[in-house]
1. Can you tell me which condition THR331 does not meet? The list is (1) touching a strand residue (DSSP E or B) at 6+ places or on another chain (Cβ under 6 Å); (2) open to solvent by 30 Å² or more (accessible area, probe 1.4 Å), and all the others hold.
2. If GLU135 passes every condition in (1) farther than 29 Å from LEU219 by Cβ; (2) modelled with pLDDT of 95 or more; (3) open to solvent by less than 10 Å² (accessible area, probe 1.4 Å) but one, which one does it miss?
3. Mind counting the residues in segment 179-203 that are over 18 Å from the mean Cα position of the chain (by Cα) and either open to solvent by 60 Å² or more (accessible area, probe 1.4 Å) or of a type in the set (A, V, I, L, M, F, W, C) (or both)?
4. Take the residues of segment 272-283 that are part of a helix (DSSP H, G or I) and either among the β-branched types (Val, Ile, Thr) or open to solvent by less than 30 Å² (accessible area, probe 1.4 Å) (or both): which is farthest from ALA58 (Cα to Cα)?
5. Looking at (1) of a type in the set (A, V, I, L, M); (2) over 30 Å from HIS29 (Cβ atoms); (3) surrounded by 20 or more Cβ atoms within 10 Å (Cβ to Cβ), which one does ALA176 not meet, given that it meets all the others?
6. Let me confirm something: among ALA115, ALA97, ALA75, ALA106, which residue is within 27 Å of LEU418 (Cα to Cα), open to solvent by less than 20 Å² (accessible area, probe 1.4 Å) and under 21 Å from the mean Cα position of the chain (by Cα)?
7. May I ask you to list the residues in segment 2-22 that are assigned to a helix (DSSP H, G or I), open to solvent by less than 80 Å² (accessible area, probe 1.4 Å) and of a type outside the set (D, E, K, R)?
8. Six or more apart or on different chains, Cβ under 8 Å: which pairs go from a residue in segment 53-76 that's within 20 Å of ALA223 (Cβ to Cβ) and at pLDDT 80 or above to one that's basic (Lys, Arg) and open to solvent by 30 Å² or more (accessible area, probe 1.4 Å)? Could you list them?
Amino acid sequence: MSRRHPLELPLATALLVAAATRFAYLGEHMTSPFFGIAILDEAWYDGMARALLGGGGAPDASFRPLLYPLFLAAAYRLGGPYDTLAAVGLQHLLGLATTALVVLIAARLFRRPWAGGAAGLLYALAGPPLYFEGERLLTTLFTFLATLLLWLLARAEAATRPRWWWLAAGGCWGLAALARPNVLILLPAFFWAAWRRRRRGAAAGEATAAVVMPLAAALLVLATAAALQAPYAGGFQLLGGAGGVNLYLGNRRGADGMTPRQDRYAAYSHQYADTVQLFAEEEYRLARRRAGDRPAERPPAGAVNRYWLARTVEEVRTAPAAWAALMGRKTLLLLHDGEIPNNKSYSFVLAEESALLRRLPVRWWLLLALAPLGVMAARRGGDRAVLRWVLAFAVLYGLSIVAFFVNGRFRIPLWPALAVLAG
């Protein structure tokens, strides 16, 4: 016992609490009439996963990458007749892994094992991340990858020979971008890390490695995925085609800052299809026909993206004051305590389905209140390199949410970073 690692007890405590809450929530969740019913984006991911397993239809990687459908397909194959239960169970395991990473990052940041334990308990007892672990959406997978990226970056900053850690961080960064591409907004932070290393007297090669190696590893992951997905995407493309139209819907005149409300309805037939994708492609084809072209039935994702980016620029240029007010509104929505609904309503689940989620004590406001105190404590006696990465992720990823639209589902990846600071 005297030789026990000082992190063992804090880590075990956080994991036991996280496991108990997840086990209890899974039992409660399985009694819901909505358990196993795929709604909206869940239906898209479910359909792509079953298509990958040969269950009818063709996988489509032109709009969104297939990383999360592959995860779901593997869970379905593992679970057999209990496919939904297997998928949700694996996501709860990812929630446990994220809790462990929060403990490790916070302990390294504050150089105190029980600061890590406190951060892990804050995350373990938070309702919204637990709720989304039960939904077949990429939120939990992306949150785990983003938190793993922060831990790898913390290890790279502390290592005497950090090149392998930078490579691992870059690979994880690329995987996270296959889930949600706006994580690529972290690129300036890598240049900042290299500049600070050079300023502290590191050799030019060591400082350059902090940018070149993560970027090379991320590009390798994205290029490999693009090559594998090319038959399902209509060609080679590093990222999906969802970015341009979603940027337009989040910044057009009349946008509410919360939902991707389209200019008009787009309809699909018997099989669920993403109406935003249908709208984006239909509008692009109409624009090309007005210009005298004959566009393909399945237009290239890059061309569709460029069309919607140009539309977004035109919207901002036409009404800059209204756009600035919209950005201010979205910033306030990001900080607001309420969980804005997207696929389903978290507040409805609290009121009608889950007594456990109602009783969990950690809410968004609590992490926002404690995080600035954590920043001050880390500046006084913590690891400032780790602090810079946690803050860079929280600020830059938060800005990427504001650039599109804000709801509870999209800000879940910020919960681990804030829990680390709040610990």
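1. Every listed condition holds for THR331 apart from (1).
2. (2)
3. 14
4. GLU283
5. The single condition ALA176 does not satisfy is (2).
6. Working: ALA115 fails: under 21 Å from the mean Cα position of the chain (by Cα); ALA97 fails: open to solvent by less than 20 Å² (accessible area, probe 1.4 Å); ALA75 fails: within 27 Å of LEU418 (Cα to Cα).
ALA106 is the lone residue from the list that is within 27 Å of LEU418 (Cα to Cα), open to solvent by less than 20 Å² (accessible area, probe 1.4 Å) and under 21 Å from the mean Cα position of the chain (by Cα).
7. Looking only at segment 2-22, we keep the residues that are assigned to a helix (DSSP H, G or I), and these are 8-22.
From what is left, the residues that are open to solvent by less than 80 Å² (accessible area, probe 1.4 Å) are 10-15, 17-22.
Scanning segment 2-22 gives PRO10, LEU11, ALA12, THR13, ALA14, LEU15, VAL17, ALA18, ALA19, ALA20, THR21.
8. Sorted first by the residue in segment 53-76, then by its partner, the pairs are SER62/ARG298.
The values are calculated or read from the model by the stated rules, or taken from the named source; none is laboratory data. All figures in this text were calculated on a predicted structure; none of them were measured in a lab. When we count neighbours, we look across all protein chains shown, and the Cβ atoms used for this are built from the backbone with ideal geometry, even at glycine. SASA here: full protein model, heavy atoms, side chains in, ligands and nucleic acids out. Shrake-Rupley method; radii C 1.70, N 1.55, O 1.52, S 1.80 Å.
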